[in-house]
Every structure is written in structure tokens, then in C-alpha cells.
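K.L.:
Quick one: structure below, then a few questions.
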Amino acid sequence: MATIEEQIKELEEQISNTKYNKATEAHIGKLKAKIARLQEEDEKRKSSKGPTKGFYVKKAGNATVALVGFPSVGKSTLLNQLTGAKSEIGAYHFTTLDVVPGVMEYNHAKIQILDMPGLIKDASRGKGRGREVIAAARAADVILLVVDVYNPDISVLFKELWDAGIRLNQSKP
Ligand SMILES: Nc1nc2c(ncn2[C@@H]2O[C@H](COP(=O)(O)OP(=O)(O)OP(=O)(O)O)[C@@H](O)[C@H]2O)c(=O)[nH]1
Ligand SMILES: [Mg+2]
């Protein structure tokens with residue numbers, strides 16, 4: 001029996017292999033509903049394992065900026081440079097395991113910057129504590145995507161945030 005995640009993946013593949021038109025519309029709808037049910041089941045199963053602690057950082061200053069990016073792209077290095085904070089830096093993934101705040105002064109404004117654990121593919125489904133990372137990012141006023149200059153692709157980050165309901169560069173509905 002495939003795991004719930006594998007079943008979801010399989011359904012998503014089916015959808016992407018099906019051309020969308022009037023004839024396939026209902027079929028795709030059913031597949032999507034199935035995915036939603038599986039995701040819900042997955043969530044329930046995970047939450048029954050006991051609550052996981054979220055990342056709570058009190059907002060401070062005039063605005064809060066969250067640094068979101070893959071592991072090891074230099075988020076903590078950037079935070080430390082901008083704010084003088086002392087977030088741990090390491091040449092391995094998931095050096096940062098918590099949200100680490102710092103404050104930067106700019107034109108008399110105090111800008112709170114939040115360093116976070118790296119975001120990975122499937123974070124919106126909880127991988128790598130992705131849900132907690134995304135929840136912390138959602139609370140910020142600005143999300144700053146940080147990328148490796150040799151791999152500046154933000155589509156995965158964008159998709160994970162989108163799947164979690166975060167719409168970048170759009171005003172609130
Ligand atoms: N060449 C180069 N290396 C960098 C730069 N910024 C950070 N590094 C190095 O990249 C590695 C990862 O840096 P971190 O700041 O820990 O990266 P992070 O995004 O916070 O990583 P996680 O907390 O694991 O998600 C460290 O070895 C840093 O010294 C940069 O601008 N250029
Ligand atoms: Mg870090």
C-alpha cells in the first residue's frame with residue numbers, strides 16, 4: 001500500500017498528464033477532490049502524533065521581514081550582516097532550526113528581520129517543519145526570497161507559498 005504522500009503524488013501526476021478540456025473537466029475535478037481528502041487525512045494523521053511547537057516571535061519595530069529560501073543559501077549570514085544578530089551559520093542544511101529575529105535600523109525605522117529554517121519542496125505539506133516556517137512567514141509584512149546566486153530559481157519557493165495560500169506581490173483581496 002502506497003503512503004498517503006505517494007498516493008497524492010500519483011494523483012497529481014495523473015492530473016498533469018490529462019489535458020484539460022470540457023470532456024476531462026469532471027474527471028480532473030474528481031481527482032482534485034481525492035487529493036484534498038488525502039491531504040486532510042494526512043494532516044489528521046500527523047496532528048494525532050501530538051502538537052508540534054510553532055515558531056513564535058513577537059513582532060517588533062515598524063515592520064517585519066521574513067527571510068525565506070532553500071537551506072544553506074545564506075539567510076543567517078544575511079541576517080547577521082544586516083542586524084548584528086548571531087544566528088548560527090553552517091555549511092550544511094538545516095543549520096537554523098528556529099526563527100531567529102534581529103533588528104535593522106534604516107532611515108530611523110526599525111525593521112525586524114526574521115531568519116528561518118530553510119524551506120524545501122513539499123514544505124506546504126509539512127516537510128522539514130514547513131508548515132511552521134510558512135506560518136511564521138505569513139505573519140510578516142514582507143517576505144524576502146533569498147536564493148543562491150548560482151541557482152536563482154524561485155519557482156519551488158513560490159509554489160510552496162502559493163499552496164499554503166500566500167500570494168506574493170499581490171494586494172489583499
Ligand atoms: N560564497 C558565499 N558563501 C556564503 C554566502 N553567504 C553565506 N555563505 C556560506 O554558505 C553557508 C550557509 O550559510 P548560512 O547563512 O548558514 O545559510 P542558511 O540559509 O541560513 O542555511 P540554513 O539555516 O541551513 O537554512 C555557510 O558556509 C556560509 O558561510 C555568500 O554570499 N557567498
Ligand atoms: Mg540558517
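K.L.:
Show the residues, 5+ positions off or on another chain, whose built amide H is closer than 5 Å to the amide H of ILE113.
P.N.:
For ILE113, the qualifying residues are VAL65, GLY102, VAL103, MET104.
K.L.:
Further question on the same structure: For the stretch 74-124, which chymotrypsin sites (Phe, Trp or Tyr not before Pro) are both in a DSSP coil and crowded by at most 14 other Cβ atoms within 10 Å?
P.N.:
Counting only loop positions with at most 14 other Cβ atoms within 10 Å, the chymotrypsin sites (Phe, Trp or Tyr not before Pro) in the stretch 74-124 are TYR92, PHE94.
K.L.:
For the stretch 92-149 and the stretch 24-64, what is the centre-to-centre distance using only Cα atoms, to the nearest Å?
P.N.:
Using only Cα atoms to place each centre, the spacing works out to 18 Å.
K.L.:
Right, something else. Between LYS59 and ALA85, how many nm apart are label points set 7 Å from Cα along the C-beta direction?
P.N.:
It is 1.6 nm.
K.L.:
Right, here's the next one. Return the FRET efficiency for the residue pair ASP153, TYR92: r is the Cβ-Cβ distance, R0 is 22 Å, and the value is rounded to the nearest 0.05.
P.N.:
Efficiency computed from Cβ-Cβ geometry: 0.55.
K.L.:
Need one number: nm distance between label points at TRP162 and THR24, each 7 Å from Cα along Cα→Cβ, rounded to one decimal.
P.N.:
Going by the 7 Å Cα→Cβ label model, 1.8 nm.
K.L.:
Is it possible to state the helix-based mean residue ellipticity at 222 nm for the chain, with each DSSP H run of 4+ residues giving -39500 (n - 2.57), the sum divided by total residues, to the nearest 500 deg cm²/dmol? What is it?
P.N.:
-11500 deg cm²/dmol
K.L.:
Within 12 Å, Cβ to Cβ, of ASP98, how many net charges do the neighbouring residues add up to if Lys/Arg are +1 and Asp/Glu are -1?
P.N.:
-1
K.L.:
Still on this model: What residues qualify as long-range amide H neighbours of VAL57, i.e. H under 5 Å apart, gap of 5 or more or another chain, H built at 1.01 Å from N?
P.N.:
Under 5 Å from the amide H of VAL57: no residue qualifies.
K.L.:
Spelling out what I want: for every residue of the stretch 86-101, take phi, set θ = phi - 60°, compute 6.51 cos²θ - 1.76 cosθ + 1.60 (Karplus), and round to whole Hz; glycine and proline get x.
P.N.:
Result, ordered by residue: 10, 6, 4, 10, x, 8, 9, 5, 6, 5, 8, 10, 9, 8, 10, x Hz.
K.L.:
Also: Among all the aspartates and glutamates, which ones have a C-alpha under 15 Å from LYS172's C-alpha, if same-chain residues fewer than 8 places away are not counted?
P.N.:
Qualifying aspartates and glutamates at Cα under 15 Å: ASP141.
K.L.:
Taking amide hydrogens as modeled 1.01 Å from N in the peptide plane, which residues meet the under 5 Å criterion relative to GLY126, leaving out close sequence neighbours?
P.N.:
Hits under the 5 Å cutoff: ARG131.
K.L.:
Over 32 Å between Cα atoms, which of LYS59/LYS121; LYS30/LYS75; LYS58/LYS159; LYS86/LYS121 qualify?
P.N.:
LYS30/LYS75
K.L.:
For a label point 7 Å from the Cα of LYS127 along Cα→C-beta, name the residues of the stretch 1-38 whose backbone N is under 18 Å from it.
P.N.:
Of the residues in the stretch 1-38, 2-16, 35-36, 38 have backbone N under 18 Å from the label point off LYS127.
K.L.:
Assuming R0 = 25 Å, what is the FRET efficiency of GLU105 and ASP141, from their Cβ-Cβ distance, to the nearest 0.05?
P.N.:
That gives a FRET efficiency of 0.95.
K.L.:
Report, please, the projected area of the chain averaged over directions, based on the convex hull of its C-alpha atoms, in nm².
P.N.:
Mean shadow area of the hull around the Cα atoms is 13.1 nm².
K.L.:
Dimensions of the stretch 63-163 along principal axes (Cα, Å, largest first)?
P.N.:
38, 28, 24
K.L.:
Among all stretches of the chain without exposed trypsin sites (Lys or Arg not before Pro) (DSSP loop, at most 14 other Cβ atoms within 10 Å), which one is longest?
P.N.:
Answer from the scan: 122-166.
Read-outs: derived from the displayed coordinates by stated rules, not from any lab. Only a predicted model underlies this, so the values are computations on that prediction, with no experimental measurement involved. So basically every Cβ, Gly included, is an ideal-geometry build from the backbone, and we count neighbours across all protein chains shown.
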